[in-house]
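Inspection log for the structure reproduced underneath, given as structure tokens.
The values are calculated or read from the model by the stated rules, or taken from the named source; none is laboratory data. Owing to the predicted nature of the structure, the values given are computational and were not obtained by experimental measurement. Quick reminder, even Gly has a Cβ in these numbers, built from the backbone with ideal geometry, and neighbours come from all protein chains shown. In case anyone asks, the SASA skips ligands and DNA or RNA and just uses the protein heavy atoms, side chains included. Shrake-Rupley method; radii C 1.70, N 1.55, O 1.52, S 1.80 Å.
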Amino acid sequence: MKSPAASGGNDRNSRVERLRASRAKDSEEKTRRALDAVAGLLRSGRRITVSQVARDAAVSTWFVYNQPQVYQAVQDGVTAQREQVSQGSPVPAARQVSPAGLHTDLALAREEIKDLKRERDRLLNRVRLSLGAELDGVDQNELIQRVQHLEQRNTALNEELSEARERIAALEGRLRETEDDLTAARASLRRAMRAVPTP
């Protein structure tokens, strides 16, 4: 007959195993959704970023950065889109350019900048809170690797932030041009209507 202590230990081990299995299943599901999001962005021609993939897959940006398979898929997708642009390939499912569409793109780009800033601030805060506590139990090589990893992520976030700002500036320019064209077209239409003789 098993002692109560042994039985309690078995129950605890069983709970731990169930928890691990549940986490593994959850991670697999999130990975599948994130990879599907990257594939969807590639098909639609929408710009691939960590923040956009995280939004489309309903996962955190932390998950995207820290899941090697997903992060590699994001990097591959970004590279593919850059090559497509450099080769002058047409963007799939090109959207009609209109003031409303440009306003939407602008709002999305601004939201992406907010997300990137929040993620950057969260990472910096996490580093501040955890680094001191981790120093005692971490050897120097591991600490250097962690710092390098954080620096790489910070660099990637800053690059995305810079690209998002450039995209906002370009969208604002296109929006102004489109609104000017629309104003000119309306004025031309009014002149044409006035020039038509009334019966």
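Brief remarks follow.
- Lys/Arg +1, Asp/Glu -1 at C-beta; region 138-178 dipole; positive extreme among 156, 178, 141: 178
- The largest accessible area among 30, 114 belongs to the first residue in 114, 30, and the rest follow in falling order (1.4 Å probe, all chains).
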